[in-house]
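*Asks:* Could you have a look at this structure, given as structure tokens, before my questions?
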Amino acid sequence: MKQVIVFGSLNMDLTIQCERMPQQGETVEGSNFLSNPGGKGGNQAVAAAKFGASTRMIACVGQDVFGKKLLEVLQGYRVDCAEVRQSETGQTGVAVITCHRGDNRIILSPGTNHELQAADVQAALKRVASPGDIFVTQYECEQNTVLASLELARELGMYTIFNPAPAKIIPEKYYPFIDLLIVNQVEAEYQTGILPQEEESCREAIQSMRRLGAGQVVITLGSRGSMFNIGEEMYSVPALRVEAVDTTAAGDTFIGVLAACLAENKDMEESVRCATRAAAITITRYGAQQSIPYREEV
Ligand code: RIB
């Protein structure tokens, strides 16, 4: 069975809800404080594992309470953490999240997420990866390490999925190492200068990223679903209508479940449909990893 191997961030999310966002210099009262495991990498790994994929994490946490908790929770979801390093000196990543009417704003302190270097990821991949495995990464770890990891994963014969979030430019030379690029509207505009909204602009943005060398591109469009290419053909999958409680980890759920489906050799359209259903469920719940559904629910 193909594995899903995620190289990425692990953060403790400190989440609080508020009725309105504070203005500069203002304090507002919030509610429902929650400290819960998150991080784009961790969330994507948990989404794949909860969907039933054999999942491994390559990451780095500190030896503090947050790091210990993140590891314990990931292992509880059956994510293999043998390649998660525990830094002796660094502090675990923390995300401070304010959640207002179902939408969120995040400030991130990356901490130990920036400790792993390309040689560390290369050594880990050589120990655990096999050709055909699915490699997933994002931009919350050190940028050069992330980019190098795509090239390394490809050299080892893996299928590479890249989610360039938070948005940072992908240097042109790395596009050909990406089998599947998954971006939201902001990230797509950041990479291409085209804001994908309706069919024509989505098509243009997808074509622009494919011209640079990405094999396949999925653009997620929030409540309007997603658009992607299979070869030269464009496809779209609508979103499900749900009552939004908290959008945190919805995009990560989409990516992790999509990776898990591809590991089962499901075709792209079916994989996107499963991923869309899973992400819709995540939105109806509060928090990050705890809000991601299991396969039975999807
Ligand atoms: O994508 C959601 C994640 O982004 C949160 O869990 C938070 O940790 C930030 O990294």
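Computed from the coordinates by the stated procedures, all read-outs in this text should not be read as laboratory data. Since the model is a prediction, treat every value here as computed from it, not as a measurement. We place every Cβ from the backbone using ideal geometry, glycine too, and count neighbours over all the protein chains shown.
*Asks:* List the extent of the Cα atoms of region 38-187 along each of their three principal axes, largest first, rounded to whole Å.
*Replies:* 38, 35, 32
*Asks:* Calculate the dipole size of the chain relative to its Cα centre from +1 charges on Lys and Arg beta carbons and -1 charges on Asp and Glu beta carbons; express the result in debye to the nearest 20.
*Replies:* Once rounded to the nearest 20, the dipole reads 420 debye.
*Asks:* What's the Cα-based Rg to Rh of region 163-219, Rh via Kirkwood?
*Replies:* Using Cα coordinates only, the ratio equals 0.91.
*Asks:* Right, here's the next one. What value in Å³ per residue do you get for the convex hull of the alpha-carbon atoms in region 154-263?
*Replies:* Normalising the Cα hull of region 154-263 by residue number yields 109 Å³.
*Asks:* Let me ask another. Could you quote the convex hull projected area for the chain, Cα atoms only and averaged over all directions, in nm²?
*Replies:* Mean shadow area of the hull around the Cα atoms is 14.8 nm².
*Asks:* A follow-up question, please. What does the charge dipole of region 168-298 about its Cα centre add up to, to the nearest 20 debye, if the Cβ of each Lys and Arg holds +1 and the Cβ of each Asp and Glu holds -1?
*Replies:* The dipole magnitude comes to about 220 debye.
*Asks:* Taking the inverse of the average 1/r across all pairs of different Cα atoms in region 215-298, what Kirkwood radius in Å do you get?
*Replies:* Averaging 1/r across every pair of different Cα atoms and inverting gives 12.8 Å.
*Asks:* Also, I was wondering about something else. Would you pull out the residues with amide H under 5 Å of ASP80's amide H, same chain only if 5 or more places away, H placed 1.01 Å from N?
*Replies:* Result for ASP80 returns THR55, ARG56, MET57.
*Asks:* If you don't mind, another one. Quick one: compute a quarter of the convex hull surface over the Cα atoms of region 1-53 and quote it in nm².
*Replies:* Averaged projected area of region 1-53's Cα convex hull equals 5.2 nm².
*Asks:* Can you pull out the trypsin sites (Lys or Arg not before Pro) in region 133-227 that DSSP calls coil and that have at most 16 other Cβ atoms within 10 Å?
*Replies:* LYS168
*Asks:* Now a separate question. Test of the criteria: in region 218-253, which GluC sites (Glu not before Pro) are in a DSSP loop and have at most 11 other Cβ atoms within 10 angstrom of their Cβ?
*Replies:* Filter output for region 218-253: GLU232, GLU243.
*Asks:* Once you have the Cα-Cα distance between GLU72 and GLU297, take 0.36 nm times their residue separation minus that, and quote the gain in nm to one decimal.
*Replies:* Roughly 78.7 nm would be gained on extension.
*Asks:* Another one. Would you mind calculating the gained length between GLU200 and ALA167 on full extension (0.36 nm times residue separation, minus the Cα-Cα distance), in nm to one decimal?
*Replies:* 9.6 nm
*Asks:* As a quick test, which of the pairs LYS50/LYS168; LYS68/LYS173; LYS69/LYS126; LYS50/LYS173 have an alpha carbon distance above 31 angstrom in this structure?
*Replies:* Distance filter (> 31 Å) returns LYS68/LYS173; LYS50/LYS173.
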